[in-house]
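So the structure is just underneath, and the comments pick up after that.
The values are calculated or read from the model by the stated rules, or taken from the named source; none is laboratory data. Everything numeric in this text was worked out from a predicted model, so none of it was measured. Here the Cβ positions follow ideal geometry from the backbone for every residue, glycine too, while neighbour counts run over all protein chains shown. SASA here: full protein model, heavy atoms, side chains in, ligands and nucleic acids out. Shrake-Rupley method; radii C 1.70, N 1.55, O 1.52, S 1.80 Å.
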Amino acid sequence: MSPSARRSVFLASAALVVWYLCVLLLWAVQPLSDAVPIGVDYSLKSPRQVSQVVECNTLFAESARDSSPLPVLNPQPADKPPLTYSREACVDVQRDARIIFALNTVFVAVALIGVFLVVRRLGRQQPPTPPSPSGPMELGASERASMATSAPNSG
(Lines give C-alpha, C1' and ligand atoms only; values in the text may rest on other atoms or scores of the structure.)
Protein backbone atom coordinates (compact mmCIF):
# COMPACT_ATOMS: atom_id res chain seq x y z
CA MET A 1 0.00 0.00 0.00
CA SER A 2 1.35 3.41 -0.95
CA PRO A 3 2.07 6.01 1.72
CA SER A 4 -0.72 8.27 0.44
CA ALA A 5 -3.22 5.38 0.63
CA ARG A 6 -2.08 4.58 4.18
CA ARG A 7 -2.52 8.22 5.16
CA SER A 8 -6.01 8.32 3.62
CA VAL A 9 -7.05 5.14 5.43
CA PHE A 10 -5.64 6.46 8.70
CA LEU A 11 -7.46 9.80 8.28
CA ALA A 12 -10.75 8.07 7.45
CA SER A 13 -10.44 5.81 10.50
CA ALA A 14 -9.47 8.71 12.74
CA ALA A 15 -12.41 10.79 11.46
CA LEU A 16 -14.84 7.96 12.25
CA VAL A 17 -13.45 7.54 15.77
CA VAL A 18 -13.52 11.31 16.41
CA TRP A 19 -17.12 11.47 15.13
CA TYR A 20 -18.18 8.67 17.47
CA LEU A 21 -16.42 10.23 20.47
CA CYS A 22 -18.03 13.61 19.75
CA VAL A 23 -21.49 12.03 19.57
CA LEU A 24 -20.80 10.11 22.77
CA LEU A 25 -19.27 12.92 24.82
CA LEU A 26 -21.12 15.96 23.49
CA TRP A 27 -24.60 14.48 23.11
CA ALA A 28 -25.17 10.99 24.50
CA VAL A 29 -24.03 11.60 28.08
CA GLN A 30 -25.89 14.92 28.37
CA PRO A 31 -29.31 15.06 30.04
CA LEU A 32 -32.19 15.16 27.57
CA SER A 33 -35.20 17.48 27.68
CA ASP A 34 -38.76 17.00 26.52
CA ALA A 35 -41.34 19.63 25.54
CA VAL A 36 -44.61 17.98 26.56
CA PRO A 37 -47.84 19.47 25.16
CA ILE A 38 -50.11 20.60 27.99
CA GLY A 39 -53.07 22.17 26.19
CA VAL A 40 -54.39 25.66 25.56
CA ASP A 41 -53.22 28.26 28.06
CA TYR A 42 -56.16 30.64 28.59
CA SER A 43 -54.26 32.75 31.12
CA LEU A 44 -52.31 34.40 28.27
CA LYS A 45 -53.50 37.55 26.46
CA SER A 46 -54.08 35.46 23.33
CA PRO A 47 -54.82 31.84 24.28
CA ARG A 48 -52.69 29.30 22.40
CA GLN A 49 -51.36 25.74 22.56
CA VAL A 50 -48.41 25.52 24.92
CA SER A 51 -45.95 22.91 26.11
CA GLN A 52 -43.89 22.46 29.24
CA VAL A 53 -40.17 21.63 29.09
CA VAL A 54 -39.25 18.73 31.37
CA GLU A 55 -35.67 17.76 32.20
CA CYS A 56 -34.95 14.08 31.53
CA ASN A 57 -32.14 11.64 32.31
CA THR A 58 -29.50 10.66 29.76
CA LEU A 59 -30.18 7.98 27.20
CA PHE A 60 -28.01 5.59 29.24
CA ALA A 61 -30.10 5.98 32.41
CA GLU A 62 -32.41 3.14 33.42
CA SER A 63 -35.44 5.38 33.86
CA ALA A 64 -36.46 8.19 31.53
CA ARG A 65 -36.66 10.75 34.35
CA ASP A 66 -36.15 11.12 38.07
CA SER A 67 -38.91 10.46 40.54
CA SER A 68 -39.12 14.22 41.22
CA PRO A 69 -42.52 15.77 40.52
CA LEU A 70 -43.25 17.32 37.15
CA PRO A 71 -43.18 21.14 36.93
CA VAL A 72 -46.34 22.81 38.22
CA LEU A 73 -48.59 24.14 35.46
CA ASN A 74 -50.17 27.61 35.36
CA PRO A 75 -53.66 27.81 36.87
CA GLN A 76 -56.43 28.53 34.36
CA PRO A 77 -59.57 30.69 34.62
CA ALA A 78 -62.43 28.93 36.42
CA ASP A 79 -64.54 28.44 33.29
CA LYS A 80 -61.67 26.86 31.26
CA PRO A 81 -60.17 23.32 31.43
CA PRO A 82 -56.97 22.97 33.44
CA LEU A 83 -53.62 22.36 31.79
CA THR A 84 -52.52 18.71 31.92
CA TYR A 85 -49.62 16.71 30.57
CA SER A 86 -50.90 14.96 27.45
CA ARG A 87 -48.36 12.12 27.60
CA GLU A 88 -45.74 10.64 29.89
CA ALA A 89 -42.75 12.95 29.94
CA CYS A 90 -39.31 11.84 28.66
CA VAL A 91 -40.20 8.26 27.63
CA ASP A 92 -40.45 8.94 23.89
CA VAL A 93 -37.44 11.27 23.90
CA GLN A 94 -35.23 8.71 25.64
CA ARG A 95 -36.40 5.90 23.32
CA ASP A 96 -35.72 8.00 20.22
CA ALA A 97 -32.29 9.03 21.52
CA ARG A 98 -31.39 5.38 22.12
CA ILE A 99 -32.44 4.49 18.56
CA ILE A 100 -30.37 7.33 17.09
CA PHE A 101 -27.35 6.36 19.19
CA ALA A 102 -27.68 2.71 18.15
CA LEU A 103 -27.91 3.68 14.47
CA ASN A 104 -24.84 5.89 14.85
CA THR A 105 -22.95 3.02 16.51
CA VAL A 106 -23.92 0.61 13.71
CA PHE A 107 -22.90 3.17 11.06
CA VAL A 108 -19.46 3.72 12.63
CA ALA A 109 -18.90 -0.02 13.10
CA VAL A 110 -19.83 -0.81 9.48
CA ALA A 111 -17.65 2.03 8.20
CA LEU A 112 -14.65 0.86 10.27
CA ILE A 113 -15.16 -2.71 9.02
CA GLY A 114 -15.26 -1.34 5.48
CA VAL A 115 -12.00 0.55 6.02
CA PHE A 116 -10.44 -2.63 7.45
CA LEU A 117 -11.55 -4.66 4.42
CA VAL A 118 -10.16 -2.05 2.01
CA VAL A 119 -6.83 -2.08 3.84
CA ARG A 120 -6.77 -5.86 3.79
CA ARG A 121 -7.57 -6.00 0.08
CA LEU A 122 -5.02 -3.34 -0.83
CA GLY A 123 -2.39 -5.10 1.27
CA ARG A 124 -2.90 -8.36 -0.66
CA GLN A 125 -2.61 -6.87 -4.12
CA GLN A 126 0.60 -7.66 -6.02
CA PRO A 127 2.58 -4.63 -7.12
CA PRO A 128 2.30 -4.08 -10.86
CA THR A 129 5.03 -5.79 -12.87
CA PRO A 130 7.25 -3.37 -14.76
CA PRO A 131 7.36 -3.72 -18.56
CA SER A 132 10.13 -5.90 -19.96
CA PRO A 133 13.35 -4.11 -20.96
CA SER A 134 12.88 -5.06 -24.63
CA GLY A 135 9.75 -2.91 -24.77
CA PRO A 136 6.11 -3.84 -25.21
CA MET A 137 6.09 -3.75 -29.04
CA GLU A 138 8.96 -6.14 -29.68
CA LEU A 139 7.97 -9.75 -30.35
CA GLY A 140 9.83 -12.77 -29.08
CA ALA A 141 11.27 -15.47 -31.41
CA SER A 142 8.31 -17.82 -30.92
CA GLU A 143 5.77 -15.08 -31.78
CA ARG A 144 7.73 -14.17 -34.93
CA ALA A 145 7.85 -17.82 -36.05
CA SER A 146 4.09 -18.33 -35.49
CA MET A 147 3.28 -15.21 -37.45
CA ALA A 148 5.55 -16.26 -40.34
CA THR A 149 3.78 -19.62 -40.73
CA SER A 150 0.32 -18.10 -40.61
CA ALA A 151 1.04 -15.27 -43.09
CA PRO A 152 -0.70 -15.67 -46.49
CA ASN A 153 1.50 -16.28 -49.52
CA SER A 154 1.75 -13.31 -51.82
CA GLY A 155 2.21 -14.02 -55.34
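Identify, please: which residue in region 37-85 is among the β-branched types (Val, Ile, Thr) and touching a Lys or Arg at 6+ places or on another chain (Cβ under 9 Å) and is, among those, farthest from ALA97 (Cα to Cα)?
Of everything passing the filter in region 37-85, VAL40 is farthest from ALA97 (Cα to Cα).
Of the residues in region 93-107, how many are closer than 19 Å to PRO37 by Cβ and open to solvent by 60 Å² or more (accessible area, probe 1.4 Å)?
The total comes to 2.
Under 7 Å by Cβ, and 6 or more places apart or on different chains, what pairs join a residue from region 47-59 that is closer than 13 Å to LEU73 by Cβ with one that is basic (Lys, Arg) and surrounded by 14 or more Cβ atoms within 10 Å (Cβ to Cβ)?
These pairs meet every condition: VAL54/ARG65.
Quickly run through region 49-94 and pick out the residues that are assigned to a loop (DSSP other than H, G, I, E, B) and of a type in the set (A, V, I, L, M).
LEU59, ALA61, ALA64, LEU70, VAL72, LEU73, ALA78, LEU83, ALA89
Which residues, taken from region 9-19, are aromatic (Phe, Trp, Tyr) and surrounded by 14 or more Cβ atoms within 10 Å (Cβ to Cβ)?
Hit for region 9-19 is TRP19, nothing else.
Please go through region 60-112 and pick out each residue that is of a type in the set (Ser, Thr, Tyr) and closer than 16 Å to TYR20 by Cβ.
Scanning region 60-112 gives a single hit, THR105.
Could you tell me which numbered condition ARG6 fails, if it satisfies all but one of (1) modelled with pLDDT under 95; (2) outside any helix (DSSP H, G or I); (3) more than 17 Å from ASN104 (Cβ to Cβ)?
ARG6 satisfies all of (1) modelled with pLDDT under 95; (2) outside any helix (DSSP H, G or I); (3) more than 17 Å from ASN104 (Cβ to Cβ) except (2).
Among residues belonging to region 20-48 that are in contact with a helix residue (DSSP H, G or I) (Cβ under 7 Å, 6 or more places away or on another chain) and assigned to a helix (DSSP H, G or I), point out the one that is surrounded by the fewest Cβ atoms within 10 Å (Cβ to Cβ).
Going through the qualifying residues, I end up with VAL23.
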